[in-house]
Each structure stands twice: as structure tokens, then as C-alpha cells.
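Heads up: the structure comes next, in C-alpha cells.
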């Protein structure tokens with residue numbers, strides 16, 4: 001029940017940051033609550049909160065500022081409900097983790113991997129509906145497979161490449177072994193060894209009715225190899241060749257999985273000549289070495305507004321200094337730009353903005369220049385391999401790479417040894 005107009009009280013203004021919606025905005029059986037309350041965690045509470053917020057939004061007595069806050073709350077709750085629905089609606093089949101395919105960008109048609117019929121993705125408005133239709137297009141998180149929900153139980157569906165990689169991969173920190181990736185350029189074996197059978201469906205093939213996959217070097221029937229193209233990891237690493245080549249549907253899923261997961265390739269071990277051929281790679285490697293030292297300062301810094309490390313963790317791991325993903329090798333210009341942005345923000349923070357980080361700098365003990373503060377990531381320094389003390393590079397070489405600190409420690413240890421005798 002609403003109070004008469006002359007008896008209404010304005011909303012509580014004791015705290016401008018804590019706007020309260022009074023009880024007269026609600027029905028008699030619904031208590032008042034704060035628009036800045038924490039978002040409820042349970043699904044039922046979220047749905048109930050959405051209903052209450054919508055009721056308040058539609059009331060003409062609701063203030064415009066409060067209405068805007070309520071609209072933002074409703075949007076946040078609906079997005080969280082959609083995430084909960086996606087988790088509940090995930091389908092696992094033959095290793096695929098399938099969710100509904102939603103058109104978030106420009107509308108486009110995709111081909112079902114089973115029935116090969118084109119279909120549009122669901123519109124963005126379907127984020128907030130919970131029911132599924134059998135004609136809905138599903139997409140795999142790992143390999144980007146597209147398939148109708150009705151086609152899941154049809155025979156001939158290819159398993160997710162994740163199953164093969166899970167069997168053969170070995171983990172070392174955040175590094176994933178690339179043993180399961182074919183790194184030979186089109187290792188063709190011939191149709192005789194394949195016994196004139198398709199490598200995927202085992203159907204009969206001939207010289208006039210088959211296609212060669214450039215990734216695994218195997219022959220496929222025209223149904224299993226319909227002319228899809230993709231960049232080949234082996235050609236990138238060995239020839240720096242990014243031209244898309246024809247691959248089978250099975251290999252396309254594998255390449256999509258390789259590109260979507262952080263599988264690292266050690267280019268120093270696989271093809272060290274890339275450092276002399278690709279001009280961006282030596283620059284990227286030098287910046288990564290400097291960022292490794294900068295990251296140690298950032299981890300120890302307690303300032304709340306210190307720059308964030310917005311790059312992949314393997315890029316600042318010393319043991320993975322030569323390792324890159326396929327996507328990083330395909331976009332070296334973008335990778336270099338991202339590293340420059342992080343490098344410049346950390347450099348400004350450590351050398352200028354943060355007194356705590358500046359206090360961890362060094363002065364050269366050889367020239368005693370107190371005006372030049374040195375850091376391990378600078379280009380004009382030399383660091384002692386034993387104690388990590390930093391000097392000017394020219395000063396260090398003039399002293400025949402003799403570290404003054406190590407010399408003092410040796411003299412101190414020898415003196416203590418003599419006194420003990």
C-alpha cells in the first residue's frame with residue numbers, strides 16, 4: 001500500500017554513498033533493501049532479486065539515480081545467471097566440452113561437422129533463456145567444433161584432440177610438451193601404406209577421389225577433407241611460412257586446439273636460425289629478459305597501484321625464455337607491442353614513481369657515481385654471476401670482471417679462518 005502523497009517521506013540521505021529504498025517503494029509483504037547490497041549467490045535468490053528490482057524500476061516514484069543503479073544490478077544478475085546456465089548446460093561428448101554457440105559479433109553461418117548443413121548462431125538475446133532446442137548449434141571450447149545438438153548421437157563424430165594431447169603431454173611448470181604436435185612438413189607416406197583407405201573414416205579412396213592433408217601428410221576422402229585451410233605449425237617453425245594450406249577436418253580440429261591452448265614451442269631447440277631471420281624475435285627476447293628482472297621488483301612491491309603484468313606467465317619465466325605459442329609466433333608485431341606497453345609502465349614505476357622499488361637499486365662500487373642509480377634490467381650494466389651485484393659495464397670490464405663485493409667476502413672469510421686457527 002502506498003502512503004498519501006503529503007505523508008510520503010523522502011529517501012534516507014544520511015549517507016550519500018548508501019542510498020536506501022524505503023518500504024513505501026515495495027508492497028506491504030516485501031521488506032526494503034539497499035541497492036548496494038552484495039549480489040546474492042544462489043540461483044533462486046538472484047531470480048527473486050531480479051523480480052524485485054524490475055518492480056522498483058517500473059514504479060514512477062523511484063528516483064532516476066536509483067533507477068539507473070537498479071538497471072545495472074539487473075544486468076549484472078542476468079549475466080551471472082547466464083554463466084550459471086552455461087555451466088549447467090555444458091555437454092561433454094567424446095572429450096568435447098560443448099556450449100551453445102552465440103552470435104556476439106556480426107551474424108555468420110557455420111557448418112555442422114556432422115550433417116554439414118549451415119546454421120546461424122543464436123542471437124545475443126538468447127543468453128537469458130534456459131531452454132534448448134534440438135536445432136541449436138553447439139561449439140567445443142577446446143577445438144572449436146560446431147555441431148547441432150540433434151547430431152551429437154549420430155555415428156562418425158570425431159573425438160576432441162584434447163584426448164590425444166592429455167595422453168602424450170608432459171607438464172613442466174606452465175610449459176606443455178609439444179610431443180603430440182606433428183613438426184615435420186607434410187610427412188607424406190603414400191596411399192599404398194594407407195591401403196587405399198581414408199585416414200579418418202576408413203572408406204575407400206583412389207587417386208582421383210582423395211585429398212592430401214598438409215598437416216599430417218595423410219590422404220582423406222572428399223567427405224573428411226572438404227578443402228578447409230589452416231596455418232601449419234611445422235611450416236611456421238621451420239620456414240616461417242604463414243600461408244594457409246589445405247587440411248582435413250580432423251587436422252583442423254587439432255590445429256584449432258593447438259592454437260587455443262598454451263602449448264609452448266622452444267624455437268631455440270627446434271630452429272635457432274629464426275633469431276637471425278626474424279628481426280622481431282631478438283628484440284622480444286631482450287625485452288623478455290628485462291621483464292624477468294622487472295617482474296621480481298613488481299612481486300616484492302607493496303604499493304596498491306603498481307602496474308599489472310597483463311602478459312602470459314610463460315613470457316616472464318627464465319626457463320621458458322625461448323618458448324612461444326603458435327598464436328604468438330603468428331602475431332609477433334602484436335606481441336612486441338604488448339611487451340613494450342608492460343615494459344614502459346614497469347620501468348616508469350620502478351625507476352621514478354615508487355620509492356620502495358627505487359630503494360632496491362644499486363650504485364656502482366667501482367666508479368662511486370652516486371648520481372647514477374643502476375638496476376639489473378638496464379642495458380648499460382654488468383652483473384656479478386656469484387653475488388648479483390650490479391656495476392657499470394665499462395667499469396666492470398676495466399677491472400677485469402673482478403667483483404669488489406666478492407673480494408671483500410673472500411678476505412673476510414680468510415681472516416675468519418686464520419683467527420679460528
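None of the figures in this text is laboratory data; all of them are computed from the coordinates on show. Please read all numbers here as calculations on a predicted model, not as lab measurements. Note that we place each Cβ from the backbone using ideal geometry, even for glycine, and neighbour counts take in every protein chain shown.
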(request) First check a/c for region 199-339, with a ≥ b ≥ c the square roots of the eigenvalues of its C-alpha gyration tensor; if it is under 1.5, answer rounded, and if not, answer prolate when a/b is larger than b/c or oblate otherwise. (result) prolate
(message) Based only on other Cβ atoms within 10 Å, what is the fewest-to-most ordering of 411, 188?
(response) 411, 188
(message) Rounded, prolate or oblate for region 264-421? Axes are the square roots of the Cα gyration tensor eigenvalues, ordered a ≥ b ≥ c, and the cut-off for rounded is a/c under 1.5.
(response) prolate
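Neighbour counts of other C-beta atoms within 10 Å: give me 198, 115 arranged from fewest to most.
Values: 198 22, 115 13.
Going from least to most buried by this count: 115, 198.
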(request) Between the alpha-carbon centers of region 186-201 and region 253-285, tell me the distance in whole angstrom. (result) 29
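Which value, in nm² and rounded to one decimal, describes the direction-averaged projected area of the C-alpha convex hull of region 163-263?
Here the figure is 6.8 nm², rounded to one decimal.
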